[in-house]
1. Take the residues in the stretch 15-71 that are among the β-branched types (V, I, T) and under 22 Å from the mean Cα position of the chain (by Cα); name whichever of them is nearest to S82 (Cα to Cα).
2. Scan (1) touching a residue at least 40 places away in the same chain (Cβ under 8 Å); (2) under 24 Å from S112 (Cα atoms); (3) part of a helix (DSSP H, G or I) for the single condition E90 breaks and write down its number.
3. For the stretch 74-89, how many residues are surrounded by 14 or more Cβ atoms within 10 Å (Cβ to Cβ) and among the aliphatic types (A, V, I, L, M)?
Amino acid sequence: MEAARLLKQGYSQSEVARLVKAHRQSVGQWARQLQQGGRKALRKAGRAGRKPRLRPEDLRRIEGGLKRGPQALGYETGLWTSARVAHLIEHECGVQYDPSQAWRILRKMGWSCQRPTGRALERDEAKIQQWKRERWPELKKNQKRRPYHRLHR
């Protein structure tokens, strides 16, 4: 409807596309519909794409499962992977998703990919500090300096 208002005000289709963040071809189609049938013709446009397979209550169940952690599904670690999320979705909602699509659902729910903050159990902080203090400066000093050359094509 915002695009229709701007078109009526005399904005070009390219300007409208930029302002409403739509593809230029979509604005062209809207302009034709507006010209042929007015605003009513625009309102008749149906939903784009296929209907979602998960309902809002499904998303709430998935969120609950995510908060419980993957161990609740029998996994040994607390790390969510896309395959584990796909398994959770099927377990909670009975809907199968390929693991490659599971991240889209997480993003839609406001979840993001993050790396675990855990460190290796074998990590020895004292040895790391000693290496940084003693060995790293020596390696830096002995490193041959290479002149900087720009590559030209």
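All of the numbers you see were taken from the coordinates with simple rules; none came from a lab. Quick caveat, the model's predicted, so the values are computed rather than measured. All Cβ positions, even for glycine, are placed from backbone atoms using ideal geometry, and neighbour counts span all protein chains on display.
1. Residues of the stretch 15-71 among the β-branched types (V, I, T): 16, 20, 27, 62.
So of that shortlist, the ones also under 22 Å from the mean Cα position of the chain (by Cα) come out as 20, 62.
Numbers: V20: 33, I62: 13 Å.
Restricting to residues being among the β-branched types (V, I, T) and under 22 Å from the mean Cα position of the chain (by Cα), the top hit is I62.
2. It is condition (1) that E90 fails.
3. 4
Residues checked against (1) among the charged types (D, E, K, R); (2) exposed (fewer than 10 other Cβ atoms within 10 Å of the Cβ):
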position: K8; (1), (2): yes, no
position: Y11; (1), (2): no, no
position: V16; (1), (2): no, no
position: K21; (1), (2): yes, yes
position: W30; (1), (2): no, no
position: Q35; (1), (2): no, no
position: K40; (1), (2): yes, yes
position: R50; (1), (2): yes, yes
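This table checks each residue for (1) over 27 Å from A120 (Cβ atoms); (2) in contact (Cβ under 8 Å) with a residue 12 or more places away in the chain.
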{"site": "L42", "(1), (2)": "yes, yes"}
{"site": "P52", "(1), (2)": "yes, no"}
{"site": "E57", "(1), (2)": "yes, no"}
{"site": "R60", "(1), (2)": "yes, no"}
{"site": "Y75", "(1), (2)": "no, no"}
{"site": "W80", "(1), (2)": "no, yes"}
{"site": "A86", "(1), (2)": "yes, yes"}
{"site": "V95", "(1), (2)": "yes, yes"}
